[in-house]
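To start, the structure itself, in structure tokens.
The values are calculated or read from the model by the stated rules, or taken from the named source; none is laboratory data. All values derive from a computational prediction rather than experimental measurement. Heads up, the Cβs are rebuilt from the backbone with ideal geometry, glycines too, and the neighbour counts pull from every protein chain shown.
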Amino acid sequence: MSDITLGGNTPLPDVEEHHEHHHPFLQHHFEDLGQQHEASTLGMWMFLSTEILFFGGILAAYWVYRVLYPEAWAIGAAQQIWWLGAINTIVLIISSLTMALAVRNSQLGRRMGTVYMLIATLFFGSIFLGVKGYEYMKHWQEGLFPGAAFHWNEVPALAPKVQLFMTFYWCLTGLHALHMIIGAGLLLWFIWRAWKGHFGPEYYGPVEIMGLYWHFVDIVWIFLFPFLYLIHGAHHG
Amino acid sequence: MSSLTLHDVRFVEPEATRNYITHDYGALSWLLTKDHKRIAILYLFSITALFILGGFFAVVMRIELLTPEGDLLTSDTYNKFFTLHGIVMIFFFLIPSIPAVLGNFLLPLMIGAKDLAFPKINLLSWYLYMIAAVMGLYIIITGGVDTGWTFYTPFSTQYSNTHVFGVTFAAFIVGFSSILTGLNFLVTIHRMRAPGLTWYRLPLFVWAMYATSIVQLLATPVLAITLAMLMFERVVHVGIFDPALGGDPLLFQHMFWFYSHPAVYIMILPAMGVASEVVAAFTRKKIFGYTFVAYSSLAIAFLGFLVWAHHMFVAGISVYSAMIFSFLSYFVAVPSAIKVFNWTATLYRASVALMTPMLYILGFIGLFTIGGVTGLFLAAIGLDVHVTDTYFVVAHFHYVMVGGAVMAYMAGLHYWWPKITGRMYPEWWARLAALLVFAGFNLTFFPQFVLGYLGMPRRYHAYAPEFQVLNVMSTAGASVLAVGYVLPLVYLLWSLWYGRPAGPNPWGAVGLEWATSSPPPMENFHETPVVTWDAYDYPAMMKAMGETQNV
């Protein structure tokens, strides 16, 4: 009679009966776990794209001043202990490996394997934060925190610009560390969930999404390390 | 029964004994709800309150401007008033208005989903909004802020002794509310569509929300980090944007407008979506050039990212970059014109039902066109130098924001009011209000084009005596406009108790949101709809139903 139809000809599952077979973690507004997994994954990717623009904004400002003040930027980078940054880079890459292994273990339904790998990720993440804290303490003592506490004055003419470099150093690494701390908090929660046996071949999405976040924070550091620690050679070499 | 027509749906839909409003009672059932419809209602109340607040600042400013002397407000207070008017209206009313109220309510209904993809994040975004709003209110009570809504540095970071930190922090937080709404909508549109609802069967409102969400998602983080740097500079006293300390104030403007120009499209794209829905419903026609209208939303969202420096022509950017940005700004006119021409073509030789939503949309089309065309004047560098920072600019963006976005919001609110509340609003009063808004709006803002062209600068509480006549006209218009806004507040509330029950589909419109009861049940649809028709398939529906539908 009309080409406008509303599903009257499609057999639909009985709603009551349908609910009985629900996976405990299937939310009511999704049809099945597959849809839920796809939605959550897409959501995390979109969240990460906002993070790219968030870090991208401040990195753009960093680049503007790096072009304007190359000498000050080189001096600023020379204030960093490069091998501490290098150690932290290695530590974070290892933590990304253990995170990936946690995802794999949860996909295979290995409960304790997931727990151990998440704990390992948390462990390496904590090492990173510890090293970062040590660096912050050193900078504070050396008067390299911007503002009233800033006392670095080896090259007076460049001191305001070196201070600008250190402003970006603290903002960028501080934002990154904040993301690490949030990640560590999430890991604690995931360790508890994994230990309770929430994850398995049917339902490993949250671990995978946690992994996406963790890898992203790792990648941010891969950019920050050369930008903040390794650029002194270009102008002092 | 082998197939149900849309017409049959209202009879087939089981009598909804409990809808989303009566599903649960008590304040907590609202404050902890994860239902997109209830969250939309929470937003409706919040943004209405903030609209009244922002309107209050506008009214006081218009009264001040009745006389050339600065006699009602000191210049410092006036600075705070225009700043707060801008911040409240942009961040707390216009940006959330159509997306967070109408979009929240309708998006899952329009695509046949039970809810948005992330209901808890949806509630979180309302709480972020409220936290920011309460912070803003606290700041207003304790002294306000005087930087202008643009927070230009180094005034905002080094010189202003008002609550810059608090208000930028509030804007930072409300930005995340906006980001989360956009993220939620994008995932919902991608992953939650009902079976058979392909992209080219989506209502154009959904396309508009999709384009809006992309802008919210990609532009807002840049505002957030810019404001974060501003706050850091202000608290620690460094010079990221302060030339005295090696910083560059132009960089702040670039980064601020990288968000705030696209933000204009966060406000106007949803309005265009509402226009498409209303035009189709009250002409009983398919939208002419559906795919063009759909893609023009995406084109506007994309081009919107490439034009920000037209706000900075006189700020000291190079002539060459000004020329590039001027050139690119003209391009935005193309997709905007595509929309206006397609709505016009839809109206052509249609039997247009002049109900309230349609009156608002006819106003919208005309006023948006004026706002858009005067935008081209401003995109022309030579003319911009003449009228920059004058009332011409004020008039231009109020034509787009108030004549465009607010008119469309009012259209959408009336059009979907029966769906949201289950009650009809009083048509006669609503038409009167629509006409008052249209007349009052033009009387308020058209004289401002003239004032600006004659050289009256914006943001001063006093002005040269020869500008008084036009300013009195403008204030008179604002009074009419205020009445036009107060009326709906009264009769829409009245209609909650005394309005005629609406039934599922009072307009005889097509679209999934009309295929469920009014107000909709908690789960939106009792069974997941399967879509086999295109958007705005009015010709087929008219054939199926005969011509008996009442409108």
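Could we say that B:Asp71 is surrounded by fewer than 20 Cβ atoms within 10 Å (Cβ to Cβ), part of a helix (DSSP H, G or I) and either acidic (Asp, Glu) or in contact with a Pro (Cβ under 8 Å, 6 or more places away or on another chain) (or both) here? Working first, answer last.
Numbers: surrounded by fewer than 20 Cβ atoms within 10 Å (Cβ to Cβ): yes; part of a helix (DSSP H, G or I): no; either acidic (Asp, Glu) or in contact with a Pro (Cβ under 8 Å, 6 or more places away or on another chain) (or both): yes.
The answer is no for B:Asp71.
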Confirm whether B:Tyr129 is assigned to a helix (DSSP H, G or I) and more than 24 Å from the chain's Cα centre (by Cα).
no
Do we have B:Met231 as more than 9 Å from chain A (Cβ to nearest Cβ), farther than 21 Å from B:Pro335 by Cα and at pLDDT 95 or above here?
yes
What residue, among those in the stretch B:153-171 that are among the aromatic types (Phe, Trp, Tyr) and more than 24 Å from the chain's Cα centre (by Cα), is surrounded by the most Cβ atoms within 10 Å (Cβ to Cβ)?
B:Phe165
I'd like to verify a number: residues in the stretch B:485-507 that are more than 13 Å from chain A (Cβ to nearest Cβ) and part of a loop (DSSP other than H, G, I, E, B), how many?
6
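Quick check on this structure: which one of B:Thr162, B:Thr157 is closer than 29 Å to B:Phe241 by Cβ, within 13 Å of another protein chain (Cβ to nearest Cβ) and touching a Gly at 6+ places or on another chain (Cβ under 9 Å)? Walk me through it before giving the result.
Details: B:Thr162 fails: within 13 Å of another protein chain (Cβ to nearest Cβ).
B:Thr157 is the lone residue from the list that is closer than 29 Å to B:Phe241 by Cβ, within 13 Å of another protein chain (Cβ to nearest Cβ) and touching a Gly at 6+ places or on another chain (Cβ under 9 Å).
Do we have A:Ile90 as of a type in the set (A, V, I, L, M, F, W, C), assigned to a helix (DSSP H, G or I), modelled with pLDDT of 95 or more and closer than 14 Å to A:Ile191 by Cα here?
On the way: of a type in the set (A, V, I, L, M, F, W, C): yes; assigned to a helix (DSSP H, G or I): yes; modelled with pLDDT of 95 or more: yes; closer than 14 Å to A:Ile191 by Cα: no.
So A:Ile90 does not fit the description; no.
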What's the number of the only condition in (1) crowded, with 17+ Cβ neighbours inside 10 Å; (2) modelled with pLDDT of 95 or more; (3) within 14 Å of another protein chain (Cβ to nearest Cβ) that A:Ile52 fails to meet?
(1)
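Taking helices (runs of 4 or more DSSP H) that do not extend beyond the stretch B:356-445, which have at least 2 residues that are closer than 21 Å to B:Ala482 by Cα and free of Cβ contacts under 8 Å to residues at least 60 places away in the same chain? Can you show your working first?
Values: elements: B:356-379, B:381-387, B:391-398, B:407-421.
Answer list for the stretch B:356-445: B:356-379, B:391-398.
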Just checking, does the stretch B:309-323 include any residue being in a helix (DSSP H, G or I), touching a residue at least 24 places away in the same chain (Cβ under 8 Å) and within 21 Å of the chain's Cα centre (by Cα)?
yes
Breaking point among (1) surrounded by fewer than 20 Cβ atoms within 10 Å (Cβ to Cβ); (2) of a type in the set (A, V, I, L, M); (3) within 14 Å of chain A (Cβ to nearest Cβ), for B:Ala482
(3)
Residues that are surrounded by fewer than 22 Cβ atoms within 10 Å (Cβ to Cβ) and among the hydrophobic types (A, V, I, L, M, F, W, C), drawn from the stretch A:210-219
A:Leu212, A:Phe216, A:Ile219
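Please state which one of B:Val222, B:Val238 is part of a loop (DSSP other than H, G, I, E, B) and either surrounded by fewer than 24 Cβ atoms within 10 Å (Cβ to Cβ) or within 12 Å of chain A (Cβ to nearest Cβ) (or both).
Numbers: B:Val222 fails: part of a loop (DSSP other than H, G, I, E, B).
B:Val238 is the lone residue from the list that is part of a loop (DSSP other than H, G, I, E, B) and either surrounded by fewer than 24 Cβ atoms within 10 Å (Cβ to Cβ) or within 12 Å of chain A (Cβ to nearest Cβ) (or both).
For every residue, the table says whether it meets (1) among the polar types (S, T, N, Q); (2) free of Cβ contacts under 8 Å to residues at least 24 places away in the same chain; (3) in contact with a Pro (Cβ under 8 Å, 6 or more places away or on another chain); (4) farther than 23 Å from B:His311 by Cα.
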| position | (1), (2), (3), (4) |
| --- | --- |
| B:Ser177 | yes, no, yes, yes |
| B:Tyr210 | no, no, no, yes |
| B:Ala224 | no, no, no, no |
| B:Ser260 | yes, no, no, no |
